[in-house]
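Asks: Take a look at this one; I'll ask things after.
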Amino acid sequence: MNHRNALLVLIFIVCAWVLGNSNAFAQDADARWALKPSYSLLQYSGELGSQFFKFDQRTDGGGLGLSAYLNPSFDLLMSIDYYRLNIKGTANGSPYYSKGNMIMPGVMATYKFYNDYFLSSEAKLQPYVATGLSYMIGSTAGTSVDLSGDAFKHFIDEVAITALAGVKYQISRRVSAFVELDVLLATTEELDGASLNRNNDKFGGGRIGLFIKLGGEKDSDGDGVPDSEDECPDTPPGVEVDEKGCPLDRDNDGIPDYLDDCPEVPGLPEFNGCPDRDGDGLPDHIDACPDLPGPHELNGCPDSDGDGVIDPFDLCPDTPPNVVVDEHGCPVDTDGDGLPDYIDQCPDEWGPMEYMGCPEPPDVGWPDVEEETPEVYFETDKYELDAEAEEELNKLVKYLFDNPMLNIRLYGFADPRGSSDYNKTLSARRVEAVKKHLIRKGVPENRIMVRALGEIQEIQRDETIPLDERYRISRKVQFETFFFMR
């Protein structure tokens with residue numbers, strides 16, 4: 001078997017083995033293969049002299065290589081180069097030249113110094129060396145003579161031993177630029193045609209080009225970030241990710257946007273990333289009062305007095321329990337006299353507050369009675385009757401039973417502490433408490449008139465009485481009798 005056939009068989013066996021075991025190779029941890037386009041310069045040294053560093057006599061061309069990853073230290077390179085031959089020189093004082101075309105397939109093993117042993121695999125500059133065999137095929141002709149003495153015109157069919165040293169510069173994770181210096185040791189004399197001393201020809205040169213990874217880097221989740229840089233390699237399909245390959249989390253609440261119902265506002269996991277500022281268990285986007293805690297049945301709004309009108313819209317947030325209110329949360333005042341129905345003794349008739357919301361009765365003369373009508377007193381800010389007050393009222397009940405032609409008018413008072421409006425309401429509640437007690441004791445309601453007079457200012461200026469006593473005797477309900485039937 002000649003040199004050419006032997007080399008072709010070797011190249012075929014190597015390529016078949018590489019392709020059949022492609023899963024074993026990756027150009028690095030992510031890319032399986034790399035392409036090497038290049039520009040080549042080949043310079044001759046032999047019987048005709050040396051062309052080294054004589055660029056006016058250069059033999060140059062281009063090439064394409066395919067590199068396969070074997071392990072962190074070794075790659076396998078398969079290449080093919082084209083050269084325009086231009087060899088000049090002298091032998092025995094006579095000028096010779098040889099010109100032609102040549103292609104040169106080859107196989108080389110590459111040792112990488114950027115194998116995390118000498119240098120980091122992520123180094124920008126990545127040196128390497130390689131050696132292997134090349135097969136030269138082409139045609140050449142010139143003024144030299146061949147071994148038989150005939151003019152040199154020859155079909156090139158020659159095997160060469162090849163060695164090189166190079167360095168890559170990482171432009172990106174996919175592309176590197178490289179520079180190589182190489183030497184070829186030819187095994188025959190078929191390029192220059194000069195066989196004067198049977199010394200094998202030598203060739204040296206260089207190569208520049210690009211190293212381009214093929215097939216893309218491995219990206220298990222398909223998010224565009226290679227696994228080597230992906231901190232979240234299991235991102236679901238279609239989810240937008242950041243530069244680290246993790247799902248976007250614009251509000252930095254630990255819940256990725258694709259699972260976050262409120263992706264622009266930090267929130268809580270239990271509400272799918274939505275906030276609950278008032279902590280009432282309703283997320284803000286469905287909470288009608290996001291800054292005020294409230295029950296779920298009122299959409300997260302409070303109702304302090306329990307009247308069914310939420311506090312933000314309640315103009316009377318302290319309504320007593322079970323009082324009927326209007327749409328503004330205030331007690332209903334049917335007759336519009338300023339006294340709510342739950343206090344108004346005549347809720348369907350307009351009347352002033354001093355008559356507990358009833359119309360003012362006509363003026364009548366007040367009879368003189370031999371017995372003094374009693375008064376009852378109350379504790380500060382209270383309107384409940386104590387035992388002493390009930391005892392006094394029982395005397396009044398007996399008096400009314402003994403005088404069936406008399407009716408009674410009740411006057412409610414408060415001491416001057418507190419606001420005027422508050423004291424008006426307090427005096428009304430006191431007089432209402434007395435009225436209810438009389439009714440429970442059997443006095444007909446139509447014999448009782450009530451009037452709430454509010455605070456007594458004059459008592460505060462009477463310095464003949466101690467201040468505490470002045471306050472006490474002004475917290476009362478006073479009685480008068482009259483002959484008017486309501």
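Asks: Looking at the range 371-486, what helices (runs of 4 or more DSSP H) fall wholly within it and have at least 3 residues that are of a type outside the set (Ser, Thr, Tyr), open to solvent by 30 Å² or more (accessible area, probe 1.4 Å) and at pLDDT 85 or above?
Replies: Details: elements: 387-402, 420-440, 467-474.
By residue number, 387-402, 420-440.
Asks: Could you please find all residues in the range 319-357 being in a loop (DSSP other than H, G, I, E, B), under 20 Å from Ala414 (Cβ atoms) and touching a residue at least 24 places away in the same chain (Cβ under 8 Å)?
Replies: Leu339, Ile343, Gln345, Met356
Asks: Let me ask something additional. Could you check how many residues of the range 69-96 are crowded, with 19+ Cβ neighbours inside 10 Å and of a type in the set (Ser, Thr, Tyr)?
Replies: The total comes to 4.
Asks: Count, please, the residues in the range 61-91 that happen to be touching a Ser or Thr at 6+ places or on another chain (Cβ under 6 Å) and either among the hydrophobic types (A, V, I, L, M, F, W, C) or at pLDDT 85 or above (or both).
Replies: Keep residues of the range 61-91 that are touching a Ser or Thr at 6+ places or on another chain (Cβ under 6 Å), which gives 61, 63, 65, 75, 77, 81, 83, 85-87.
From the residues that got through so far, the ones that are either among the hydrophobic types (A, V, I, L, M, F, W, C) or at pLDDT 85 or above (or both) too are 61, 63, 65, 75, 77, 81, 83, 85, 87.
Qualifying residue count for the region: 9.
Asks: Related question: How many residues does the range 100-118 hold that are open to solvent by 70 Å² or more (accessible area, probe 1.4 Å), part of a loop (DSSP other than H, G, I, E, B) and at negative phi?
Replies: 2
Asks: List the pairs whose first member sits in the range 299-318 and is without any contact (Cβ under 8 Å) to a residue 12 or more places away in the chain, whose second member is surrounded by 14 or more Cβ atoms within 10 Å (Cβ to Cβ) and part of a loop (DSSP other than H, G, I, E, B), and whose Cβ atoms are under 6 Å apart, counting only residues at least 6 apart or on separate chains?
Replies: That search, which allows pairs on different chains as well, returns Asp303/Ile310.
Asks: If you check Ala194 against the conditions, is it over 24 Å from Leu66 (Cβ atoms), open to solvent by 70 Å² or more (accessible area, probe 1.4 Å) and either within 53 Å of the chain's Cα centre (by Cα) or at pLDDT below 90 (or both)?
Replies: Considered against the rule, which asks whether it is over 24 Å from Leu66 (Cβ atoms), open to solvent by 70 Å² or more (accessible area, probe 1.4 Å) and either within 53 Å of the chain's Cα centre (by Cα) or at pLDDT below 90 (or both), Ala194 comes out as no.
Asks: Within the bounds of the range 222-240, is there any residue that is surrounded by 16 or more Cβ atoms within 10 Å (Cβ to Cβ) and farther than 30 Å from Arg173 by Cβ?
Replies: Taking every residue of the range 222-240 in turn, none turns out to be surrounded by 16 or more Cβ atoms within 10 Å (Cβ to Cβ) and farther than 30 Å from Arg173 by Cβ.
Asks: Got at least one residue in the range 316-330 being open to solvent by 50 Å² or more (accessible area, probe 1.4 Å) and closer than 30 Å to Asp249 by Cβ?
Replies: So far as the range 316-330 goes, no, none of its residues is open to solvent by 50 Å² or more (accessible area, probe 1.4 Å) and closer than 30 Å to Asp249 by Cβ.
Asks: Separate question: For the range 198-232, which positions are assigned to a loop (DSSP other than H, G, I, E, B) and either at pLDDT 85 or above or more than 35 Å from the chain's Cα centre (by Cα) (or both)?
Replies: Scanning the range 198-232 gives Arg198, Asn199, Asn200, Asp201, Cys232.
Asks: Take the range 42-75 and flag every residue that is more than 30 Å from Asp116 (Cα to Cα), part of a strand (DSSP E or B) and of a type in the set (A, V, I, L, M, F, W, C).
Replies: Selection gives Leu42 alone.
Asks: Follow-up. Does the range 46-56 hold any residues that are crowded, with 17+ Cβ neighbours inside 10 Å and polar (S, T, N, Q), and which are they?
Replies: Correct list: Gln51 only.
The values are calculated or read from the model by the stated rules, or taken from the named source; none is laboratory data. What you see is a predicted model, and the numbers here were worked out from it, not measured in a lab. Backbone-built Cβ (ideal geometry, glycine too); neighbour counts: all protein chains shown. Ligands, DNA and RNA are stripped out before the accessible areas are found, and what is left, the full protein with its side chains, is counted by its heavy atoms. Shrake-Rupley method; radii C 1.70, N 1.55, O 1.52, S 1.80 Å.
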